[in-house]
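Participant: Take a look at this one; I'll ask things after.
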Amino acid sequence: MFIIRKIYYFLLDTIQTILIVASVLMILYAFVIQPNEVSGLSMYPTFKDHDYLLSYLLDVKFDKYKKGDVVVFHSPVELDKLYIKRVIATPGDTIMVQNGKVFLNGSQLDESLYLSPDVETHGGAFLQEGLPKTIPTGTIVVMGDNRPNSSDSREWGFLDKSRVVGRSVVRFFPFNTFHLIHNPYTEHKL
C-alpha cells in the first residue's frame, strides 16, 4: 500500500508539473514570443527559406517599431500568409526610391549593414521611382532584403501596424545558424 501511495503522489506531481509548464508555454506563445518559419527568399541572404525565427510580440502592443527591425506580419495581398520584411520607414518619414537607392527624409539610407553593395532598389506600382511619399500615422514601410525578389511596400503600399505580429529577435533553426537578430541601426532590449 505504501508503494502504491508513493507512485500515486509521484504521478500526481508529474502531471501537475507538466500542466504548469504547458500553461506557462501557452501564455508565452500567446502574449510574449512566437515561432515563425521563413517561407521564400525575399529576405535572402539574411534569412533562408525554412529558417525558423522567434518573434517578440510585446513590441506590437507598445508600438515599438524602429527602422531596421525585422517584423512578421499578415500579408496585405495573400491574406492567409505571414510575411517577414525589414522596417525601412516609420510614420512621419518621407521615403523615395531613385537610381537604385532608398532615400529617407532627403538623405540616402545606409543599408550596407544588411544589403550587399550591388543590390539595387527599384520602385514599384506604389512607391514609384523618384516620387517621394510621406508615411502616415499608423503605418510603416517594409522591404525584403532580397529586393529584386520581394513583394513589399514598393508594390502594395504602406503596411498598417495592426497587421504586424511581432519583431523577430532570434533565428533558432537550423541550429548551426542560431543567433540573435540585431537591428543594424539601434539595439533593442527585450
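The values are calculated or read from the model by the stated rules, or taken from the named source; none is laboratory data. Just so it is clear, the model here is predicted, and its values are computed rather than measured. No Cβ is skipped: glycine too gets one built from the backbone with ideal geometry, and neighbour counts run over all protein chains shown. Ligands, DNA and RNA are excluded from the accessible area calculation, which covers all protein heavy atoms including side chains. Shrake-Rupley method; radii C 1.70, N 1.55, O 1.52, S 1.80 Å.
Participant: Would you rank 62, 103 by solvent-accessible area, highest first, keeping every protein chain in place and using a 1.4 Å probe?
Facilitator: 62, 103
Participant: Could you grab the relative contact order for the chain? Cα pairs under 8 Å, six or more apart, rounded to a whole percent.
Facilitator: Answer for the chain is 24 percent.
Participant: Averaged per residue, what accessible area in Å² does the chain show with a 1.4 Å probe, protein chains only?
Facilitator: Per-residue value: 59 Å².
Participant: So if R0 is 30 Å, what FRET efficiency would residue 3 and residue 175 give, r being the distance between their Cβ atoms, rounded to the nearest 0.05?
Facilitator: 0.10
Participant: Next up: Return the sequence-ordered ³J(HN,Hα) values of segment 53-62 in whole Hz as given by the Karplus equation 6.51 cos²θ - 1.76 cosθ + 1.60 applied to θ = phi - 60°, using x for Gly and Pro.
Facilitator: With coefficients 6.51, -1.76 and 1.60, one gets 10, 9, 10, 8, 8, 5, 4, 5, 5, 10 Hz.
Participant: Another question about this same structure. Let me know the shape class of segment 75-134, please: from the alpha-carbon gyration tensor, a ≥ b ≥ c as square roots of the eigenvalues, rounded when a/c is under 1.5, otherwise prolate if a/b is greater than b/c, or oblate.
Facilitator: Prolate is the answer for segment 75-134, as a/c is 1.5 or above and a/b outweighs b/c.
Participant: Rg and Dmax of segment 1-110, Cα atoms, in Å?
Facilitator: That works out to 22.6, 83 Å for Rg and Dmax.
Participant: If you don't mind, another one. Need one number: nm distance between label points at residue 93 and residue 126, each 7 Å from Cα along Cα→Cβ, rounded to one decimal.
Facilitator: 1.4 nm
Participant: Let me ask something else. Kirkwood Rh over Cα pairs of the chain into Stokes-Einstein at 25 °C, 0.890 mPa s: D in µm²/s?
Facilitator: Result for D is 135 µm²/s.
Participant: Could I ask something else about it? Determine the shape class of segment 21-80: with a ≥ b ≥ c the square roots of the Cα gyration tensor eigenvalues, call it rounded for a/c under 1.5, and otherwise prolate if a/b is greater than b/c, oblate otherwise.
Facilitator: prolate
Participant: Suppose every Lys and Arg Cβ carries +1 and every Asp and Glu Cβ carries -1, with no other charges. What dipole size does segment 93-182 come out with about its Cα centre, to the nearest 20 debye?
Facilitator: That gives a dipole near 320 debye.
Participant: Another question about this same structure. Are any of the pairs 61/101; 48/85; 66/133; 48/81 more than 21 Å apart by Cα-Cα distance, and if so, which?
Facilitator: Among 61/101; 48/85; 66/133; 48/81, the Cα-Cα distance tops 21 Å for 61/101.
Participant: Let me ask something else. Sorting 155, 78, 111 by accessible area (1.4 Å probe), largest first, what list results?
Facilitator: 155, 78, 111
Participant: So, with a 1.4 angstrom probe, what is the percent of accessible area on the chain that is carbon and sulfur?
Facilitator: The nonpolar share, carbon plus sulfur, comes to 62 percent.
Participant: Quick check: the angle from helix 2-31's long axis to the longest principal axis of the chain, C-alpha only, nearest 10 degrees?
Facilitator: 10 degrees
Participant: Once R0 is set to 22 Å, what does the formula 1/(1 + (r/R0)^6) return for the Cβ-Cβ distance between residue 49 and residue 113, expressed as a FRET efficiency to the nearest 0.05?
Facilitator: 0.50
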